[in-house]
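Student: If you scroll down you'll find the structure; I have some questions about it.
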Amino acid sequence: MKIIVTGSDGQLASDLIPALQVARFATVGVDVEDLDITDRDKVLDFVKDAKPALIINCAAYTLVDKAEIEKDKAFKVNSDGAINLALAAKKAGAPLIHVSTDFVFDGEKNIPYTEKDPVNPLSVYGSSKLKGEAGVADALIEHMIVRTSWLYGTSGHNFVKTILRYASEREFLRVVYDQTGGPTWTENLSDAIVKMVKTYNEDNRLDYGVYHYSNEGVASWYDFAVAVIELAVEAGINIRCKRVEPILTTEYPTPAKRPTYSVLDKRKVKNTFGIAIPHWRASLKEMIKNYYGGIHE
C-alpha cells in the first residue's frame, strides 16, 4: 500500500515515516520543497500522478505566537492546504488522516475533552487548525482527524529541547504552572497512526471521524519542565539548572492565548484500535535515555 506523508521534515513525520517503512508500507514523504500544499493545482496533479492508497497530512504552520501576526500564512497552510489534500484524496479515491491539535478548545473544562465537546479556539493557530478540520470533513467523507497535544520529539523545535538547552545554560528557570495538558511523544503518536493504517490495510476500511491521542496522564508546563530536568540528570546529561520556579500565565504573557486546560479523552481511539497508550513520564524517560547522551539542538 502506497502512502503519501506531508510535512516530512517536521518532528512528527520524522518519526512516522520510518515507522511506516518498518511496517512495510511504501511511503513517500514530501515537504514544502517537494510539494506546496497551499497550491491546489500542484497538489491535485501530484496526488493524481502518485496514485496513493492513503494520505497522511502532518504538514502544519505551528508557530503559535507568530501566527497572531502571520494570520494569512497560518490559514493558508492549516486550512487551505488541508482542504487541498482532502480534495486530491477524494479524486484519488484515497482516505486522508489529518493531524490536528488541542488548541481547537478554549480550556474552560476541568475534565478531559472528548471528540464531541464544543470547540472554541482562542488563537489564530487554533482557529486555522479548526477551519482545516471542518474543510477536510466537508470535502471528504473518508477522513480521520487525529487531535494531539504538546508534541515533542528529537526533530524540530519543541518544549523538551528548549528546556534541555536552557537547563544546560542557566541555574534558574521560571515556567508556567496554570496551563495543563498532555505531553505527547511523537514516536508514540506515530505508532498509534501506524496501527490505524494497519487496520485500514487489513480491513480495507477506517472508522472515520475525529480521534484524540496524547500520552496518558496530566501535567502543567512546570511539571513537564521539572520532569525533563530530573530525567536528564538521571540520564547523565550535563545540567546546570538547580531550581525551577512555577509562575502564572499572567507573569509570562504571550501574543497567543493558550487553553488553560486541554487534556484529551482517549477512550475512543483506545477502544476502536486497541491502542495501549504509555504514560507521558515513561515516554519522556525513554526518549531522553535513548536519544540524549548530551544536549542536542
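Student: What is the set of long-range amide H partners of residue 151 at a cut-off below 5 Å, with H atoms built 1.01 Å from backbone N?
Tutor: Those qualifying (amide H under 5 Å, at least 5 residues apart or on another chain) are 184.
Student: Out of these labelled values of Rg and Dmax of the Cα atoms in Å, [x] 22.5, 69; [y] 21.8, 74; [z] 18.8, 57, which was calculated from the coordinates shown here?
Tutor: Evaluating Rg and Dmax of the Cα atoms in Å on these atoms matches [z].
Student: What does the accessible area per residue of region 117-212 come to in Å², with a 1.4 Å probe and no ligands, DNA or RNA counted?
Tutor: 38
Student: Given only helices, namely DSSP H runs of n ≥ 4 each adding -39500 (n - 2.57), what is the per-residue ellipticity at 222 nm of the chain, to the nearest 500 deg cm²/dmol?
Tutor: -12000 deg cm²/dmol
Student: Rounded to the nearest whole Å², what accessible area per residue is found for region 1-103 with the 1.4 Å probe?
Tutor: Accessible surface, normalised per residue, equals 45 Å².
Student: Using a cut-off of 22 Å between alpha-carbon atoms, which lysines can reach residue 42, once sequence neighbours fewer than 8 places away in the same chain are excluded?
Tutor: Partners within reach: 2, 51, 73, 76, 90, 91, 129, 131.
Student: So which aspartates and glutamates can residue 48 reach, going by Cα to Cα under 20 Å and dropping same-chain residues fewer than 8 places off?
Tutor: 31, 33, 34, 36, 39, 80, 142
Student: Give the long-range amide H neighbours of residue 261: residues separated by 5 or more places, or on another chain, with amide H under 5 Å away, using H modelled in the peptide plane at 1.01 Å from N.
Tutor: Answer set, sorted by chain and number: 107, 180.
Student: May I ask you to give the percent of accessible area on the chain that is carbon plus sulfur, with a probe radius of 1.4 Å?
Tutor: 49
Student: Can you check what the net charge comes to around residue 222, using other residues whose Cβ is under 13 Å from the Cβ of residue 222 (Lys, Arg +1; Asp, Glu -1)?
Tutor: The answer is -3.
Student: Give the long-range amide H neighbours of residue 219: residues separated by 5 or more places, or on another chain, with amide H under 5 Å away, using H modelled in the peptide plane at 1.01 Å from N.
Tutor: 181
Student: Quick one: Debye curve from the C-alpha atoms of region 169-297, no solvent, what's log10 I(q)/I(0) at q = 0.10, 0.11 Å⁻¹?
Tutor: Log10 I(q)/I(0), no solvent term: -0.42, -0.50.
The values are calculated or read from the model by the stated rules, or taken from the named source; none is laboratory data. These numbers were taken from a predicted model, which means no experiment stands behind them. When we count neighbours, we look across all protein chains shown, and the Cβ atoms used for this are built from the backbone with ideal geometry, even at glycine. Heads up: the accessible areas ignore ligands, DNA and RNA and are worked out on the full protein's heavy atoms, side chains in. Shrake-Rupley method; radii C 1.70, N 1.55, O 1.52, S 1.80 Å.
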